[in-house]
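Asks: Here it is: the structure, laid out below.
Read-outs throughout are calculated quantities, based only on the coordinates presented, and are distinct from any laboratory measurement. On a predicted model such as this, the values are computed, not experimentally measured, just so you know. Reconstructed Cβ throughout: ideal geometry from the backbone, glycine too, with neighbour counts over all protein chains shown.
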Amino acid sequence: MTAWTEPTRRSLLATGAAGAALLASPGLLRAQAPAVKLGILQPVTGALAQDGEYGRIGAQLAIDEINKAGGIKSLGGAMIEMVFGDARSNPEAGSQEVEKMHAEGVSAIVGGFASPICLAASQAASRYDIAYAVDVGVSDQIVSRGLKNTFRFGPGFGTVTRTAIENLVKLNDAAGKPAKTVVLVHEDGLFGSGLAKLMNERLSALGFQILETIAHPTPARDMSNVALRIRALNPDLVIPSSYYGEFVLLARTLQQQRIRPKGIYAVLNGAASNFRFVREFPDAANNVMDCNHWADPRKPKTAELRKQVEAMGRFWLYNVPLNYSSVRLVADAIDRAGSRDRVKIIEAMASSTFADHIMPYGPTKFENGQNVNAAPVNTQVQGGDIKVIFPDTFADAKPVFPVTG
Amino acid sequence: MKAYRSLLVVIAALAALPLAVPLLVGAGLFAGPNTFYNLMIFILIITLAAQGWNIAGGYGGQFSFGHAAFFGTGAYVQAVLQTRYGVNAWVALPLAALLGGLVGAAIGTLAFRARLRGSYFALVTLAFAEVFRILANATPITGGAAGTLVPLKIGLGQMQFASSTTFFYLALTFVAAVLLLNRALERSRFGAWLVAVRENEDAARALGVDTLKVKLKAITLSAAITAVAGALYTQKFLYIDANIAYGAWISVEALLAPIVGGIGTVLGPFIGAVALIGLGEAAKTAIHAVFGSAVPGVDLVVYGVLLIVVIAFAPRGLLGLFGKFDLFARFGIFGKRGGR
């Protein structure tokens, strides 16, 4: 029990001043619109922790920026509140986090990173009509299930491989067709195996000679045998499709053993367009090409965001711009829906023509949940930087191909 | 009947759990009812896989490190029969158990005829699971590395339910059936032979037990039960790939749950699964409440430390701990343990 004490002159003055200040600021008195909860799902522990962490950074930067600019306008300046879930690099944890997010009342969910997590999580979200924006997950099964709530902002596997093959042919033709023989190196999971199969079919039809297709598991501790095999076959082109660790190992082994094909042309590679690889192993990384997700270098916001990420002591990985853009896409849909109602948000997502993102896609257009304007770009490591070499419309460097010396 | 009474009490308590859900949610332990059901369904699926392991590993002493081979076979049969051959999910489930059992019998025949025991048997099962994983990853019928996706069609006929409670009861039905089966097994001649094989295989053989036959029967039954867990996983998540179905994670879960809960006991796998998965989830929720999402992975550290503590203080599993303090044994709640 608190004893009642006579108000002193000082306390009376203080209360009066506080009251006056409150009355003088009606803007502050007006109730702040309740926050819009946005689920951010990323695998920040387990095998995919690096990617998950970068995805989270991208989402966080977008949310901070939206909030700083006054929140969701149509909802009275409601702030976006992040409800974060760790998918622990497996689909069960991913769907369990979706259940939690639903219970916490999120309006939409962004993320997932890996295809299996995206598949399970978007399906769990569909039960509650929660709009789910896939950030990376490239498996084309994600958008082929007829789920009304699932949207993928970035390109899927089919689009990436088609573009990669088209650009490879363009690259080779422009250089006077120096590459005739190819060795495919791939990890034995979803990316690698599917890609190797497609490459085998398409490249043979286009006149390339596939000397050998070498599969390796993930994780692999040693790539010397793969490198030795490449030396023996002496191909013009090496096309690797692996995760970070394995590709770094392969590139370093090739460099150490002085195996120098005319080009290394990676597709959806975990390392070839990763600044960590470029900084840590600049010689091994030099001139490696990749066809992957990449932010649009023409947009001023890209450089600004990159600076922010680097100021945090982090590398510039594609997860950041993809998640940044996906969060902004969802925020735009919520703004247009003018409501926290999940079904209305799904409808707004489906009709989205969002262009204020930093990927090289143009305005979004969703067909069966897939952004049909999404496209990958070709990059090449040149002089310690990652440059865009295709498409020509916004390439900031000419391709170095064939690599000599 | 007396021997089953205590189990029936446990099963009835589990079946009545949904009544407690509003209280648990109200107390802030779970974010919502479905968060609870989702967790419970996963615990029950792991329990089923662990119950399977417990028959060969716990009662029979045949420590398998490769129960993923059976879990994965069940999961893939359930998925592939539905997606490629249009078989109904309810028909696919017994077939998944059957094929899982056959794989168990095949691996068992090869390993036991070669007289592999102890760590050699463990290594061979591990190798088999890896071979299955690589094959599933490379074969077109399993969808290769892209995995197999069962189309989402909610309906009783498709074994896909709008309400999580229904799936909870489906999984509980299987777990309960295996609990009763385990108790029957403990009390049967076959169960006694199995324990005899575990305790001293040579002595059992000398006493006239056909050890090969007993071990084969055990691993076949064990595999079939674990395969049902795989099939339920498919129905719950509707997507599997080689790493989910045949990955080492499930081999570890299947053996860790009985070891933590109480090896060679009827309730051990369930207690272990609740402790392991519940502990993991509790650590995650608690750390999240304290630190937010700022420090990913701390919950796993806490989980690891708790696991070490459990194993240090309860080397015979959590049920062994209860027995030590004579808490439940006095009331005969958990019945007799399987002879160890």
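Asks: Rank these for me by crowding, A:Thr353, B:Thr234, going from fewest to most other beta carbons within 10 Å. Could the numbers behind the result be given before it?
Replies: Values: A:Thr353 12, B:Thr234 27.
Least to most surrounded, the residues fall as A:Thr353, B:Thr234.
Asks: Is the C-alpha gyration tensor of chain A telling us rounded, prolate or oblate? Criteria: a/c under 1.5 is rounded; beyond that, a/b larger than b/c is prolate, otherwise oblate. If you can, show how the numbers build up before the last one.
Replies: Values: a/c = 2.38, a/b = 2.11, b/c = 1.12.
Here chain A falls in the prolate category.
Asks: Positive end of the dipole of the protein assembly as shown, charges at C-beta (+1 Lys, Arg; -1 Asp, Glu), about the Cα centre: which of B:Leu221, A:Val160, B:Leu152 has its Cα farthest in that direction?
Replies: Checked the options; the winner is B:Leu221.
Asks: Ok, one more. List the residues whose amide H sits under 5 Å from the amide H of A:Ala266, counting only those 5 or more places along or on another chain, with H placed 1.01 Å from N in the peptide plane.
Replies: A:Met289, A:Asp290, A:Cys291
Asks: Here's another thing I want to ask about it. With unit charges on the beta carbon (Lys/Arg positive, Asp/Glu negative), name the residue among A:Tyr265, B:Leu172, A:Ser241 whose Cα is farthest towards the positive pole of the charge dipole of the protein assembly as shown.
Replies: Result: B:Leu172.
Asks: Over the whole of A:98-111, what's the average partner chain Cβ count within 10 Å per residue? Rounded to a whole number, please. Each step should come with its number before you reach the end.
Replies: Numbers: counts 3, 11, 11, 3, 4, 8, 3, 2, 0, 0, 0, 0, 0, 0.
That average works out to 3.
Asks: Oh, and also: With θ set to phi - 60° and the Karplus curve 6.51 cos²θ - 1.76 cosθ + 1.60, what are the ³J(HN,Hα) couplings of region B:208-217 in order, to the nearest whole Hz, using x for Gly and Pro?
Replies: Karplus values, whole Hz, x for Gly and Pro: x, 7, 6, 4, 4, 5, 4, 5, 5, 4.
Asks: Here is a further query. Among rounded, prolate and oblate, which fits the protein assembly as shown when a ≥ b ≥ c are the square roots of the eigenvalues of its C-alpha gyration tensor, a/c under 1.5 means rounded, and a/b larger than b/c means prolate? All intermediate terms of the calculation are to be shown ahead of the outcome.
Replies: Working: a/c = 2.07, a/b = 1.18, b/c = 1.76.
Note, shape of the protein assembly as shown comes out oblate.
Asks: Same structure again: What lysines could a cross-link reach from A:Lys344, if we take a straight Cα to Cα line under 24 Å and drop same-chain neighbours fewer than 8 places away?
Replies: Output for A:Lys344: A:Lys37, A:Lys73, A:Lys100, A:Lys148, A:Lys365, B:Lys153.
Asks: Let me spell out the model: positive unit charges on the Cβ of Lys and Arg, negative unit charges on the Cβ of Asp and Glu, origin at the Cα centre of the protein assembly as shown. What dipole size does that give, in debye rounded to 20?
Replies: Details: 66 positive and 49 negative charges, 275 e Å.
Computed about the Cα centre, the dipole is about 1320 debye.
Asks: Which value, in debye to the nearest 20, describes the size of the charge dipole of chain A about its Cα centre when Lys and Arg Cβ atoms bear +1, Asp and Glu Cβ atoms bear -1, and nothing else is charged? Show your work: numbers first, answer last.
Replies: Details: 42 positive and 38 negative charges, 105 e Å.
Here the size comes out at about 500 debye.
Asks: Assuming 0.36 nm per residue, please report the length gained on full extension of the stretch A:Ala355 to A:Ala174 beyond their Cα-Cα distance.
Replies: Numbers: separation 181, 0.36 × 181 = 65.16 nm, distance 3.21 nm.
Gain on stretching A:Ala355 to A:Ala174: 61.9 nm.
Asks: Just to verify a number: FRET efficiency for A:Leu233 and A:Asp341, C-beta to C-beta distance, R0 = 60 Å, to 0.05?
Replies: The pair A:Leu233/A:Asp341 has a calculated efficiency of 0.50.
Asks: Averaged over A:155-163, how many beta carbons belonging to a partner chain fall within 10 Å of each residue's beta carbon?
Replies: Working: counts 0, 0, 1, 0, 0, 0, 0, 0, 0.
Partner-chain Cβ atoms within 10 Å, mean over residues of A:155-163: 0.
Asks: Right, next: Counting pairs of alpha carbon atoms under 8 Å apart in space and at least six apart in sequence, what relative contact order in percent does chain A give?
Replies: Working: 809 pairs, mean separation 66.8, N = 405.
Across chain A, relative contact order equals 16 percent.
Asks: Still on this model: Classify region B:2-259 as rounded, prolate or oblate, taking a ≥ b ≥ c as the square roots of the eigenvalues of its Cα gyration tensor: rounded when a/c is under 1.5, otherwise prolate if a/b is larger than b/c and oblate if not.
Replies: Working: a/c = 2.07, a/b = 1.24, b/c = 1.67.
Note, shape of region B:2-259 comes out oblate.
Asks: Considering every residue in B:149-158, what mean count of other chain Cβ atoms within 10 Å of its Cβ is obtained? List each step's numbers first, then the result.
Replies: On the way: counts 7, 1, 3, 6, 1, 2, 0, 0, 0, 0.
Counting other chains' Cβ atoms within 10 Å and averaging over B:149-158 gives 2.
Asks: Fewest Cβ neighbours within 10 Å first, please rank A:Val185, A:Val226 accordingly. Display every interim value, and only then the final one.
Replies: Values: A:Val185 26, A:Val226 23.
By the 10 Å Cβ count, ascending: A:Val226, A:Val185.
Asks: Still on this structure, I have one more. Between region A:187-207 and region B:183-208, how many Å separate their Cα centres?
Replies: 54 Å
Asks: Mind checking the dipole of chain B: about its Cα centre, +1 per Lys or Arg Cβ, -1 per Asp or Glu Cβ, Debye to the nearest 20? Don't skip to the end; give the middle numbers.
Replies: Details: 24 positive and 11 negative charges, 191 e Å.
For this selection, approximately 920 debye.
Asks: While we're looking at this one, here's another question. Per the Cauchy relation, a quarter of the hull surface: what is the mean projected area of the convex hull of the alpha carbons in region B:130-232, in nm²?
Replies: Values: hull surface 37.9 nm².
Projected over every direction and averaged, the Cα hull of region B:130-232 covers 9.5 nm².
Asks: Moving on. Given B:Ala162, B:Leu8, B:Leu126, which one lies farthest toward the positive end of the charge dipole of region B:2-259, if we put +1 on the Cβ of every Lys and Arg and -1 on the Cβ of every Asp and Glu?
Replies: B:Leu8
Asks: Fewest to most neighbouring Cβ within 10 Å: what's the order for B:Leu116, B:Leu185, A:Leu41, B:Leu23? Write down the numbers at each step before the final one.
Replies: Details: B:Leu116 16, B:Leu185 20, A:Leu41 33, B:Leu23 9.
Ordered from fewest to most neighbouring Cβ atoms within 10 Å, B:Leu116, B:Leu185, A:Leu41, B:Leu23 come out as B:Leu23, B:Leu116, B:Leu185, A:Leu41.
Asks: Once you place label points 7 Å from the Cα toward the Cβ at B:Leu321 and A:Arg221, how far apart are they in nm?
Replies: The modelled label-to-label distance comes out at 3.5 nm.
Asks: Over what distance in Å are the Cα centres of region B:264-312 and region B:1-48 separated?
Replies: Between the Cα centres of region B:264-312 and region B:1-48 lies a distance of 18 Å.
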